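All remarks here apply to the structure that follows.
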Amino acid sequence: MDVLDVLGVKVEDIDDQLMKNLRRDTLETIYDMKRDMLSLRSVIYPLKEIIIKLHKDEETGIIQESTNIYLKDLFDHVVQVNDSIDTYREMLASYVDLYMMLNSNGMNEVVK
C-alpha cells in the first residue's frame, strides 16, 4: 500500500497547488499522474481476474483450502487498490475541470 499512499499524497499536493498558484506545469502533472494511474490499473486488473479464476478452480481441488484463505485476502487487497486508483483518477479528472474553470475566470478578469 506504500505506492498508493505516495500517490494519494501527490494527488492532495496537486489540490494545494491549484488553490495557491495556477501554473501550466500543474496541469501537466495532473495528466502525468492520470497516465500513471492507468498504467497501475492495467497491472492490477489482470491480477484481479487471475485470483477470480483461481478461486473458481477451487472446486477442482487445485487450490488447497488453507491457500484459499490467502487468495481471499489477496483479492480483498486487489479490490481495495483498484478502488483507490479509481478514486484518485476521479479526483484528478475533477482537478482538470477546476484548473480549466480557474483559468477561464482568470482570463475573464483580464478581459474586464
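Values computed for the structure shown
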| quantity | calculated |
| --- | --- |
| Filter result (in contact with a helix residue (DSSP H, G or I) (Cβ under 6 Å, 6 or more places away or on another chain) and hydrophobic (A, V, I, L, M, F, W, C)) within region 75-91 | 75, 78, 81, 85, 91 |
| Residue match in region 31-46 (condition: under 27 Å from residue 105 (Cα atoms), assigned to a helix (DSSP H, G or I) and not charged (D, E, K, R)) | yes |
| Odd one out for residue 111 among (1) in contact (Cβ under 8 Å) with a residue 40 or more places away in the chain; (2) surrounded by fewer than 14 Cβ atoms within 10 Å (Cβ to Cβ); (3) over 26 Å from residue 44 (Cα atoms) | (1) |
| Filter result for the condition that a residue is more than 12 Å from the chain's Cα centre (by Cα), surrounded by 10 or more Cβ atoms within 10 Å (Cβ to Cβ) and not in a helix (DSSP H, G or I), over 27, 22, 98, 74 | 22 |
| Among the candidates 28, 49, 12, residue that is closer than 16 Å to residue 88 by Cβ and out of contact with any Gly (no Cβ under 6 Å at 6 or more places or on another chain) | 12 |
| Residues satisfying the stated conditions in region 4-46, i.e. basic (Lys, Arg) and under 23 Å from residue 83 (Cα atoms) | 10, 34, 35, 41 |
| Which numbered condition residue 62 misses (of (1) surrounded by 11 or more Cβ atoms within 10 Å (Cβ to Cβ); (2) in a loop (DSSP other than H, G, I, E, B)) | (1) |
| Residue satisfying all of: in region 7-19; of a type in the set (A, V, I, L, M) and surrounded by fewer than 14 Cβ atoms within 10 Å (Cβ to Cβ); modelled with the lowest pLDDT among these | 19 |
| Out of 62, 85, 51, sole residue that is over 26 Å from residue 106 (Cβ atoms) and free of Cβ contacts under 8 Å to residues at least 12 places away in the same chain | 62 |
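The values are calculated or read from the model by the stated rules, or taken from the named source; none is laboratory data. Predicted model, so just to flag it, every value in this text is computed and none were measured. Note: ideal-geometry Cβ built from the backbone for every residue, glycine included; neighbour counts use all protein chains shown.
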